[in-house]
Amino acid sequence: MSRLIGVGVGPGDPELVTVKGVRALQEADVVVVPVMDTLERGRAEATVLHYVGAEKVIRVVFALNERTDRARREAAWDAAGERVAELLRAHDVVSFATIGDPNVYSTFTYLAQTIGELVPGTAVQTVPGITAMQDLAARSGAVLTEGTEPLTLVPVTAGAAVLKGALEGPGTVVAYKFGRLAAEVATALRETGRTEGAVWGSALGLPEESIRPAAELAEGPLPYLSTLIAPAPRDGGRGGKL
């Protein structure tokens, strides 16, 4: 029985790949990395190459930059699924590297569903990875949760209104993929009184890394994979920023 393993390789810093993740990459017959149809090297591939040789890495186009033409995107997914299915028919263990965690807004979940249809009987496993919100919290000193506070994670691709609704509720709010709607995010923070203490970051662990207070959100678009943490309002007692 072949195995497909989704390996979370973190937000970009190769030192944040877990020991188990490294082992899953190194013990696999081949390691698949998703690339855009523009073919530039992505974060997952760059991270993987710190631990396995390039000859073991298989680049598969997922057209990740296609967000308007649904038919073209579906065709790219079908082609990517077929390519990974071919690899599974030829190898015992195929690892798929994904930034962050394979069970959190990951390309891998869609791939696993497709493989279940194309190669029935394939064992699907995942290795958890460090998420961008964890890395940003560590780098900025923002505390994600205390006591009984809830934590809400919102992909801003769902719209700034969804984010605003979360900000109007209790607890800490984390926003993913908000770069193209930076101005709307800044407005939502301001209108809900959640700007103070909030922080955003992009390219975490990479040379172009940027971590700043949310009060300094630019009006123009930011990198697509920007992350925002708006901590829960706190009374300043024990806890808070480290």
Given E149, E184, E191, which one is farther than 27 Å from D13 by Cα, in a loop (DSSP other than H, G, I, E, B) and either modelled with pLDDT of 90 or more or out of contact with any Pro (no Cβ under 6 Å at 6 or more places or on another chain) (or both)?
E149
Checking the conditions here, which among G100, G129, G116 is open to solvent by less than 50 Å² (accessible area, probe 1.4 Å) and without any contact (Cβ under 8 Å) to a residue 12 or more places away in the chain?
G116
Please work out which residue is nearest to G12 (Cα to Cα), limiting yourself to the stretch 82-97 and to residues that are touching a strand residue (DSSP E or B) at 6+ places or on another chain (Cβ under 7 Å) and open to solvent by less than 30 Å² (accessible area, probe 1.4 Å).
A97
Residue match in the stretch 21-33 (condition: of a type in the set (K, R) and more than 18 Å from V127 (Cβ to Cβ)):
no
Before we move on, is L16 closer than 25 Å to A137 by Cβ, in contact (Cβ under 8 Å) with a residue 60 or more places away in the chain, surrounded by 20 or more Cβ atoms within 10 Å (Cβ to Cβ) and not β-branched (V, I, T)?
yes
In the stretch 184-198, is there at least one residue being open to solvent by 40 Å² or more (accessible area, probe 1.4 Å) and under 16 Å from the mean Cα position of the chain (by Cα)?
no
Pick out the one residue from V22, V60 that is under 23 Å from L204 (Cα atoms) and either within 21 Å of the chain's Cα centre (by Cα) or not hydrophobic (A, V, I, L, M, F, W, C) (or both).
V22
Does A142 qualify as being open to solvent by less than 50 Å² (accessible area, probe 1.4 Å), touching a strand residue (DSSP E or B) at 6+ places or on another chain (Cβ under 6 Å), in a helix (DSSP H, G or I) and on the phi < 0 side of the Ramachandran plot?
no
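The values are calculated or read from the model by the stated rules, or taken from the named source; none is laboratory data. This is a predicted model, so every value here is computed, not measured. So basically every Cβ, Gly included, is an ideal-geometry build from the backbone, and we count neighbours across all protein chains shown. Surface accessibility is based on the protein's heavy atoms, side chains included, excluding ligands, DNA and RNA. Shrake-Rupley method; radii C 1.70, N 1.55, O 1.52, S 1.80 Å.
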